Every structure is written in structure tokens, then in C-alpha cells.
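S.K.: This is the structure I have questions about; it appears just below.
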């Protein structure tokens with residue numbers, strides 16, 4: 001049942017949140033064209049990264065307690 005370690009969840013959340021921050025920056029400096037799909041993907045990556053980071057941190061704290 002324990003398939004993901006808290007470190008794996010935290011790292012995944014970090015990279016998703018990072019992608020959610022880098023993609024809008026690349027759209028603002030016009031390296032990438034701003035499309036509806038790319039905007040939606042960026043928002044989804046940011047939100048899922050934040051949630052995964054929160055879940056990973058709580059899971060890590062629970063195991064270390």
C-alpha cells in the first residue's frame with residue numbers, strides 16, 4: 001500500500017510548482033505562445049504541485065514523529 005515515499009511526493013510537487021512558475025514567465029517574455037491549453041496546464045501544474053508538496057510534507061512529518 002505504501003507506493004510513494006514522502007520525498008518522492010515532495011520532489012514531484014516541487015517540479016510541478018516550478019513548471020507552473022517557469023511556463024508563465026516564458027509566455028510573458030514571448031518565448032512560448034500563450035494558448036488556452038498552456039495557460040490551463042500551467043495553472044494545473046501549479047495547483048497540483050502545491051497540493052502534492054503539502055501532502056508530502058504532512059506525510060514526512062507524520063513518519064518522523
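S.K.: Peptides 25-33, 39-47: what's the order by average Cβ count within 10 Å, highest mean first?
M.R.: 39-47, 25-33
S.K.: Then there's this: Each label point is 7 Å from the Cα along the Cα-to-Cβ direction; what then is the distance between the points at residue 28 and residue 61, in nm?
M.R.: The answer from the label model is 3.0 nm.
S.K.: Okay, helix-only estimate at 222 nm for the chain: each DSSP H run of n ≥ 4 adds -39500 (n - 2.57), divide by all residues, round to 500 deg cm²/dmol; what do you get?
M.R.: Taken over the chain, the calculation gives -28500 deg cm²/dmol.
S.K.: Over the chain, with a single point scatterer placed on each C-alpha, what log10 of the ratio I(q)/I(0) does the Debye formula yield at q = 0.13, 0.20 1/Å?
M.R.: Ignoring solvent entirely, the Cα scatterers give -0.42, -0.73.
Laboratory data are not the source of any read-out in this text; all were calculated from the coordinates shown. What you see is a predicted model, and the numbers here were worked out from it, not measured in a lab. We place every Cβ from the backbone using ideal geometry, glycine too, and count neighbours over all the protein chains shown.
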